[in-house]
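Peer 1: Quick one: structure below, then a few questions.
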Amino acid sequence: MTSPAVSRLYVVRAGALTTVQDAGRPGWAHLGVGRAGALDAPAARLANRLVGNPPDAAVLETTLTGCAVRPDRPVVAVVGGAGCRVTVDGRPVAWGAPVRVPSGAVLEAGPAVNGVRGYLAFAGGLVPEPVLGSRSADLLSGLGPAPLSEGDALPLGDPAGCGPPPPGDPVPWPGTPAELVLPVHPGPRHDWFTEAALRTLLTAAYRVSPHSNRIGLRTEGPALERSRTGELPSEGMVLGAVQVPPDGRPVVFLNDHPTTGGYPVVGVVPERALAAAAQAVPGTRLRFVRA
């Protein structure tokens, strides 16, 4: 018997940065392998739920400019996360709700009108070869599928096992923060900073830097003054660590962060607060508050 043909999703427009993401690969930091996974995990899970997938099925994560793809079989899809115009062969369709995409039709998620990262989920999920139990792209280590380019083809999973989509009532998607408020616990090296610096961290107005990426959310604002000189030996880094490089401006580590680092960590943002950071556009006001 011959194996059934694998259905594929072809990339028509890759956008600024589009990657395959799922729930990530936690548990490998001791081997130097980071977590990766969807930066806005609640949005990825909701998109999967709307097409009947398990919450950890692989999706596409877009960045600011969206993407366009063409399946070679009919598929139910959802575009969620960052708000955008959604079309099928140029005709407007619903954002944030299941739509049917015919075989050979082009599904396009346009540039974000709010937020940063969009999520495209397809019934059956995307099924590139997993690496260490995950299909996520890790931009720092290079593990997982490479960021998408025009002409790439991704295998689509079998939708036969998908559950029914939820009823057709509108689903509330989280909004984009006008101001990003990040709770922060004291970090393991908070004593490397002056009392004035610690007060500044919790009272100053920062902004999200345009140099932010999947590795870390960089900030613009007052520098934090150290109470001691010198550098640390490299030590373990966790998701949400607020590391302070030599310029004194905090960096919040996101999913593709390095597993070790030598700059002091002044605080740690809980994971539950990081989804909003994934959608904060450059220039967004940012405040750190005591967790």
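Peer 1: Test Leu46 against the stated conditions and say whether it is under 17 Å from the mean Cα position of the chain (by Cα) and assigned to a loop (DSSP other than H, G, I, E, B). Break it down stepwise before answering.
Peer 2: Numbers: under 17 Å from the mean Cα position of the chain (by Cα): yes; assigned to a loop (DSSP other than H, G, I, E, B): no.
Considered against the rule, which asks whether it is under 17 Å from the mean Cα position of the chain (by Cα) and assigned to a loop (DSSP other than H, G, I, E, B), Leu46 comes out as no.
Peer 1: Say we look at region 67-84 and pick out the residues that are surrounded by 24 or more Cβ atoms within 10 Å (Cβ to Cβ) and not hydrophobic (A, V, I, L, M, F, W, C); which of these is nearest to Ala280 (Cα to Cα)?
Peer 2: Restricting to residues being surrounded by 24 or more Cβ atoms within 10 Å (Cβ to Cβ) and not hydrophobic (A, V, I, L, M, F, W, C), the top hit is Gly81.
Peer 1: Filter region 127-147 down to residues that are of a type in the set (A, V, I, L, M) and surrounded by fewer than 22 Cβ atoms within 10 Å (Cβ to Cβ) and give me whichever is nearest to Val12 (Cα to Cα). Break it down stepwise before answering.
Peer 2: Our first condition is that a residue be of a type in the set (A, V, I, L, M); within region 127-147, this holds for 127, 131-132, 137, 139-140, 143, 146.
Narrowing the set further to residues that are surrounded by fewer than 22 Cβ atoms within 10 Å (Cβ to Cβ) leaves 127, 131-132, 139-140, 143, 146.
On the way: Val127: 19, Val131: 25, Leu132: 29, Leu139: 22, Leu140: 25, Leu143: 23, Ala146: 16 Å.
Ranking the qualifying residues of region 127-147, first place goes to Ala146.
Peer 1: Only one of these is modelled with pLDDT of 95 or more, assigned to a strand (DSSP E or B) and assigned by TED's automatic domain parsing to the domain that holds Gly24: Gly104, Gly110, Gly124. Name it.
Peer 2: Numbers: Gly104 fails: assigned to a strand (DSSP E or B); Gly124 fails: assigned to a strand (DSSP E or B).
Of the residues listed, the single one that is modelled with pLDDT of 95 or more, assigned to a strand (DSSP E or B) and assigned by TED's automatic domain parsing to the domain that holds Gly24 is Gly110.
Peer 1: Okay, next question. Any idea how many residues of region 234-291 are crowded, with 20+ Cβ neighbours inside 10 Å and among the aromatic types (Phe, Trp, Tyr)?
Peer 2: Matching residues across region 234-291 total 2.
Peer 1: While we're here: With respect to Ala29, is the statement that it is under 20 Å from Gly96 (Cα atoms), small (Gly, Ala, Ser), crowded, with 16+ Cβ neighbours inside 10 Å and in contact (Cβ under 8 Å) with a residue 24 or more places away in the chain true? Walk me through how you get there before you give the answer.
Peer 2: Working: under 20 Å from Gly96 (Cα atoms): no; small (Gly, Ala, Ser): yes; crowded, with 16+ Cβ neighbours inside 10 Å: yes; in contact (Cβ under 8 Å) with a residue 24 or more places away in the chain: yes.
Answer is no for this residue.
Peer 1: Name the residue, out of Glu220, Glu235, Glu225, Glu179, that is acidic (Asp, Glu), farther than 28 Å from Val79 by Cβ and in contact with a strand residue (DSSP E or B) (Cβ under 6 Å, 6 or more places away or on another chain). Outline the logic, then answer.
Peer 2: Numbers: Glu235 fails: in contact with a strand residue (DSSP E or B) (Cβ under 6 Å, 6 or more places away or on another chain); Glu225 fails: in contact with a strand residue (DSSP E or B) (Cβ under 6 Å, 6 or more places away or on another chain); Glu179 fails: farther than 28 Å from Val79 by Cβ.
That would be Glu220, the only listed residue that is acidic (Asp, Glu), farther than 28 Å from Val79 by Cβ and in contact with a strand residue (DSSP E or B) (Cβ under 6 Å, 6 or more places away or on another chain).
The values are calculated or read from the model by the stated rules, or taken from the named source; none is laboratory data. Remember, it's a predicted structure, so these values are computed and weren't measured experimentally. Virtual Cβ from ideal backbone geometry, glycine too; neighbours counted across all protein chains shown.
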